[in-house]
Amino acid sequence: MNLYFAPMEGVTGFLFRNVHHEVYPGIDKYFTPFVSPGAEKGLGAHGRRDVLPENNRGIPLVPQILTNRADIFLRTAKLFHEEYGYAEVNLNLGCPSPTVVPKGKGAGFLSYPDDLERFFDRIFSDETVSSGKLLISVKTRIGKTSPEEWPRLMEIYNRFPLSELIVHPRIQTDMYRNHPDLSVFSSALAESRNPLVYNGDIFSVSAMDRFRERFPSVDTVMLGRGLLYDPGLAERLTQSSGRDADNEKVRYAKLKKFHDRLLEEYCGFLSGDRQVLAKMKEVWAYMIIRFPDAGKLEKKLKKSTRLAEYRETVDALFESVRI
Ligand SMILES: Cc1cc2nc3c(=O)[nH]c(=O)nc-3n(C[C@H](O)[C@H](O)[C@H](O)COP(=O)(O)O)c2cc1C
């Protein structure tokens, strides 16, 4: 089973990816959170920094682009390919955010299938793409307002040689509510001419087991929030060892290492306790689930404004799960 790390804007930037890859090697591909290049001003310093090869050494990485304009997509994709050496770029057709969707981008683009088809016609008639030098993958939801939009979208995707079609089987209006629609995923699996990757709600070994039982032919799964709840989830999914106390001890020790390295990187890169703590608290919003008895410590962690106090609380949290 190939495992991909989903792009998560605001969380999985290059520092996070580097630390994750160092502590938990074995992810087959990481995807950058989307860059949304402007018509005039291009990438912007933040997006450029996240994609630069020197900031992503040794990491199997696919940059992701959010746009509904073929010229902007091609310009950015070629920059990634020609200047930075990337062999694949990914198109975001899934972002459900109200700041993106009304502009007809991300999952908002799914409402305009004819435009989407023209967009791909233009992309795939470009020589760099049609020659296979630059691979195009797509990460998509199954519709904007209804799963009934899917057959038309499937027809469009099937017209083009995508390197991978990553399907998160929710519609835009679901945001992250409800459940992935596995019957639509099942039809995609039957009909897709492109290699299919599943994404959505795989948060545990048992969820993965259920998925594999239902879809034994799917060989690639993208994990998102599952890897934020437990950065070691991919390891858990690929190792056969059970949940005995020794394993748990090793896992918490590794999680502490992951935490400490991430903190170190943010401290070196950001200025001031406040900025560093804001980043760490985003990570804890998910990771706290590994600390079922956190109680007051969780509140303390959320309220901490100084690094020294934060470090103390984190040490106490890891103490609370000492086996
Ligand atoms: C905080 C956050 C930021 C996200 N940012 C992106 C993004 O930049 N690009 C993208 O394609 N998806 C983004 N997503 C969606 C995830 O990549 C993924 O598709 C979604 O979380 C479902 O997978 P999961 O159930 O395994 O988490 C984001 C999700 C979250 C929770």
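The values are calculated or read from the model by the stated rules, or taken from the named source; none is laboratory data. Keep in mind that what you see is a predicted model, and the values were worked out from it rather than measured. Quick reminder, even Gly has a Cβ in these numbers, built from the backbone with ideal geometry, and neighbours come from all protein chains shown. Just the protein is used for accessible areas: all its heavy atoms, side chains included, with ligands, DNA and RNA removed. Shrake-Rupley method; radii C 1.70, N 1.55, O 1.52, S 1.80 Å.
For the range 80-104, taking the residues that are among the hydroxyl-bearing types (S, T, Y) and within 23 Å of Y176 (Cα to Cα), the one that is most open to solvent (accessible area, probe 1.4 Å) is identified as T99.
Listed conditions (1) within 16 Å of the ligand (Cβ to nearest atom); (2) outside any loop (DSSP other than H, G, I, E, B); (3) polar (S, T, N, Q) are all met by T12, apart from (2). A single member of E191, E213 is in the same structural domain as V23 (by TED's automatic domain parsing), open to solvent by 70 Å² or more (accessible area, probe 1.4 Å) and under 19 Å from L3 (Cα atoms), and it is E213. Residue count for the range 43-68 satisfying the condition of being touching a helix residue (DSSP H, G or I) at 6+ places or on another chain (Cβ under 8 Å) and either within 19 Å of D115 (Cα to Cα) or at pLDDT below 95 (or both): 5.
Within the range 256-275, one or more residues are open to solvent by 60 Å² or more (accessible area, probe 1.4 Å) and modelled with pLDDT under 95.
Considering the range 296-323, and only residues there that are within 16 Å of L263 (Cα to Cα) and outside any helix (DSSP H, G or I), the residue that is most open to solvent (accessible area, probe 1.4 Å) turns out to be R306. Evaluation of N247 against the conditions (1) touching a Ser or Thr at 6+ places or on another chain (Cβ under 7 Å); (2) modelled with pLDDT of 95 or more; (3) not hydroxyl-bearing (S, T, Y) shows that the sole unmet condition is (2). P33 passes every criterion in (1) under 26 Å from G132 (Cβ atoms); (2) touching a Ser or Thr at 6+ places or on another chain (Cβ under 8 Å); (3) not aromatic (F, W, Y) apart from (1). Exactly one residue out of A77, A45 is over 30 Å from R251 (Cβ atoms), away from the ligand (no atom under 11 Å from the Cβ) and surrounded by 17 or more Cβ atoms within 10 Å (Cβ to Cβ): that is A77.
Residue-level analysis places G108 among those that are in a helix (DSSP H, G or I) and among the small types (G, A, S).
Inspect all residues belonging to the range 279-293 and state whether any of them is in contact (Cβ under 8 Å) with a residue 12 or more places away in the chain, closer than 17 Å to G26 by Cα and either of a type outside the set (S, T, Y) or in the same structural domain as V197 (by TED's automatic domain parsing) (or both). The answer is no; no qualifying residue exists.
So that you can scan it fast, the table gives a plain yes or no per residue for (1) modelled with pLDDT of 95 or more; (2) under 26 Å from L162 (Cβ atoms):
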position	(1), (2)
F203	yes, no
S206	yes, no
D209	yes, no
M222	yes, yes
L228	yes, no
A234	yes, yes
G242	no, no
A253	yes, no
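Looking at the range 44-57, can you tell me whether even one residue there is closer than 15 Å to I136 by Cβ and in contact with a Ser or Thr (Cβ under 7 Å, 6 or more places away or on another chain)? No, the range 44-57 contains no residue that is closer than 15 Å to I136 by Cβ and in contact with a Ser or Thr (Cβ under 7 Å, 6 or more places away or on another chain). Looking at the range 276-295, which of the residues that are in contact with a Ser or Thr (Cβ under 8 Å, 6 or more places away or on another chain) and buried (at least 18 other Cβ atoms within 10 Å of the Cβ) is nearest to R311 (Cα to Cα)? Restricting to residues being in contact with a Ser or Thr (Cβ under 8 Å, 6 or more places away or on another chain) and buried (at least 18 other Cβ atoms within 10 Å of the Cβ), the top hit is L277.
Meeting the requirement of 1 or more residues that are more than 12 Å from the ligand (Cβ to nearest atom), farther than 30 Å from D126 by Cβ and in contact (Cβ under 8 Å) with a residue 24 or more places away in the chain, the helices (runs of 4 or more DSSP H) wholly within the range 148-245 are 182-191, 205-214, 233-238.
A single entry from V62, V101 fulfils the requirement of being in contact with a Lys or Arg (Cβ under 9 Å, 6 or more places away or on another chain) and either within 19 Å of E164 (Cα to Cα) or not assigned by TED's automatic domain parsing to the domain that holds M154 (or both): V62. For the condition open to solvent by less than 10 Å² (accessible area, probe 1.4 Å), in the same structural domain as A87 (by TED's automatic domain parsing) and basic (K, R), R170 qualifies.
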